[in-house]
RNA sequence: GGCUGGGUAGCAAAGCGGUUAUGCAGGGGCCUGCAAAGCCUUAUAGACCGGUUCGACUCCGGUCCCAGCCUCCA
């Protein structure tokens, strides 16, 4: 029984799909004017884990994650770079897709772009104006009138009076109320623009997501997610727009992913304390990074540090080491399935609001079990190893062969390493341990660890 | 100030009203020429103060502290 923490109710709730034969999920994706950073990575990975689990739980999942490819930041960056917005956004969309592959993120079913969804935004604006939720200011901008929507604030737990107290007044705008937000913004000279019944301009950010989500998933759908910073105002505004325009409930379950912090402070573009996914991939492989991101619960803050990444790397290495050189008969695999409840507990952990730390702890139990059986019952150890890989795959880790993973990224060729190992074996045969240890140290300096066993010497990366 | 969360052993991170979380790092042991890996074993917890209870890290109240949102942000 799947339970999900719902921001709307501030509670973990049993998830009941609107239509069990097709679950709809929408996640606010990236604004593509720069490389994705670790905060984006966390959202990508979290919803990947979540949708992988949902796909095993429900017959069909429709996962939509949009791309915001028009907004002020994109326009500003394109002016800075002296390139048109499509050149800019296409470049970063490509980079984002590369990052996703490194992190083993499965593609969403739909990845709509704002610039390709303008028509849907027109109809939403028209509907909002017609129903009295929106108005056009003298400057041409179309605004949503927040006070016309009685449930405004229900997601973020805010009330209009408190918001008003701290509201900033935007001098350039023509809002009736400082809290009103823009649905359609008039283009300034030389800005990208689309012609519309309200004049040439571009859509407001909040509008995009309302239009794209309902277009793909219907006016009322199951789950909407994003980073915690989107709760207010972005998601609050989406609710106001969608429920206003469509006159029905918008989303049942709202999910928000916690921040990635640096020194206990939010990583963000504005604070300029961010690391891009690519920065991190220079030092750690994508799977280590993914492991790190799922090693804490998705709603908790996650502190980014080299120490924590190194710890993630060691932990993942332990899992791979446990699966090394094992295989299993189908009989042993059946027996393991029958005798132990690892898989059941693993699924229960994910059913409990996607509790990945618990799911991982079960993988370590299996690893220990396999290690223990390795000497006595290699077939069973192999079956446990297969189970470990299978469950790991459910959350997008353990995707490599153990040897491939443990030897990944070493400069020296296999032949050279084998030659060194042979030299060392010869020295050891002569009990020339000084020479033997020297060779081992040489390889260690190149990041290669030698391991002697009765079956000979093998190596892995440090 | 308003609204959310949170404070767990050296570090990271969970569940749980009474019984080993888990990983990394540390101590001791087995194994090894020595290592590595692995196994066995071990120490170090629950911000503070009260309350409820036979029993609280877990529930309730208060205090202190931290983070986030309230402005673009995942």
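One table, with the values for the structure above:
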{"read-out": "Neighbours by Cβ (under 9 Å, 6+ apart or cross-chain): first from the range A:336-352, farther than 22 Å from residue A:50 by Cα; second part of a loop (DSSP other than H, G, I, E, B)", "value": "A:336/A:328"}
{"read-out": "Those residues of the range A:440-462 which are in a helix (DSSP H, G or I) and more than 9 Å from RNA strand B (Cβ to nearest atom), in sequence order", "value": "A:441, A:442, A:443, A:445"}
{"read-out": "Where residue A:364 falls short, out of the listed (1) within 8 Å of RNA strand B (Cβ to nearest atom); (2) out of contact with any helix residue (DSSP H, G or I) (no Cβ under 8 Å at 6 or more places or on another chain)", "value": "(2)"}
{"read-out": "Test: residue in the range A:187-201 that is touching a residue at least 24 places away in the same chain (Cβ under 8 Å), buried (at least 19 other Cβ atoms within 10 Å of the Cβ), assigned by TED's automatic domain parsing to the domain that holds residue A:125 and within 15 Å of residue A:138 (Cα to Cα)", "value": "yes"}
{"read-out": "When residues of the range A:315-328 are limited to those that are touching a helix residue (DSSP H, G or I) at 6+ places or on another chain (Cβ under 6 Å) and assigned to a loop (DSSP other than H, G, I, E, B), the one nearest to RNA strand B (Cβ to nearest atom)", "value": "A:324"}
{"read-out": "In the range A:315-344, the residues that are under 34 Å from the mean Cα position of the chain (by Cα), more than 30 Å from residue A:285 (Cα to Cα) and loosely packed, with under 13 Cβ neighbours inside 10 Å", "value": "A:334, A:338, A:341"}
{"read-out": "Test result for residue A:162, within 12 Å of RNA strand B (Cβ to nearest atom), crowded, with 20+ Cβ neighbours inside 10 Å and within 34 Å of the chain's Cα centre (by Cα)", "value": "no"}
{"read-out": "Residue selected from the range A:298-314 under the condition surrounded by fewer than 17 Cβ atoms within 10 Å (Cβ to Cβ) and more than 17 Å from residue A:262 (Cβ to Cβ), by the criterion nearest to RNA strand B (Cβ to nearest atom)", "value": "A:314"}
{"read-out": "Where residue A:206 falls short, out of the listed (1) crowded, with 22+ Cβ neighbours inside 10 Å; (2) on the phi > 0 side of the Ramachandran plot", "value": "(2)"}
{"read-out": "Residue count for the range A:419-461, restricted to those that are loosely packed, with under 13 Cβ neighbours inside 10 Å and touching a strand residue (DSSP E or B) at 6+ places or on another chain (Cβ under 6 Å)", "value": "1"}
{"read-out": "Candidate set from the range A:267-297 (those that are free of Cβ contacts under 8 Å to residues at least 60 places away in the same chain and crowded, with 17+ Cβ neighbours inside 10 Å); member that is farthest from residue A:357 (Cα to Cα)", "value": "A:284"}
{"read-out": "Condition check for residue A:182: away from RNA strand B (no atom under 11 Å from the Cβ) and touching a residue at least 40 places away in the same chain (Cβ under 8 Å)", "value": "no"}
{"read-out": "Residues (more than 14 Å from the chain's Cα centre (by Cα) and within 12 Å of RNA strand B (Cβ to nearest atom)) located in the range A:25-66", "value": "A:31, A:32, A:33, A:34, A:35"}
{"read-out": "Matching entry among A:18, A:74 (being more than 27 Å from residue A:202 (Cα to Cα), over 14 Å from the mean Cα position of the chain (by Cα) and not assigned by TED's automatic domain parsing to the domain that holds residue A:399)", "value": "A:18"}
{"read-out": "Residue list for the range A:369-418, restricted to those being within 16 Å of RNA strand B (Cβ to nearest atom), assigned to a loop (DSSP other than H, G, I, E, B) and out of contact with any strand residue (DSSP E or B) (no Cβ under 8 Å at 6 or more places or on another chain)", "value": "A:377, A:395, A:397, A:398"}
{"read-out": "Index of the failed condition, residue A:215 passing every other in (1) at pLDDT below 95; (2) surrounded by fewer than 21 Cβ atoms within 10 Å (Cβ to Cβ)", "value": "(1)"}
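The values are calculated or read from the model by the stated rules, or taken from the named source; none is laboratory data. Remember, predicted model here, so these are calculated numbers, not experimental data. No Cβ is skipped: glycine too gets one built from the backbone with ideal geometry, and neighbour counts run over all protein chains shown.
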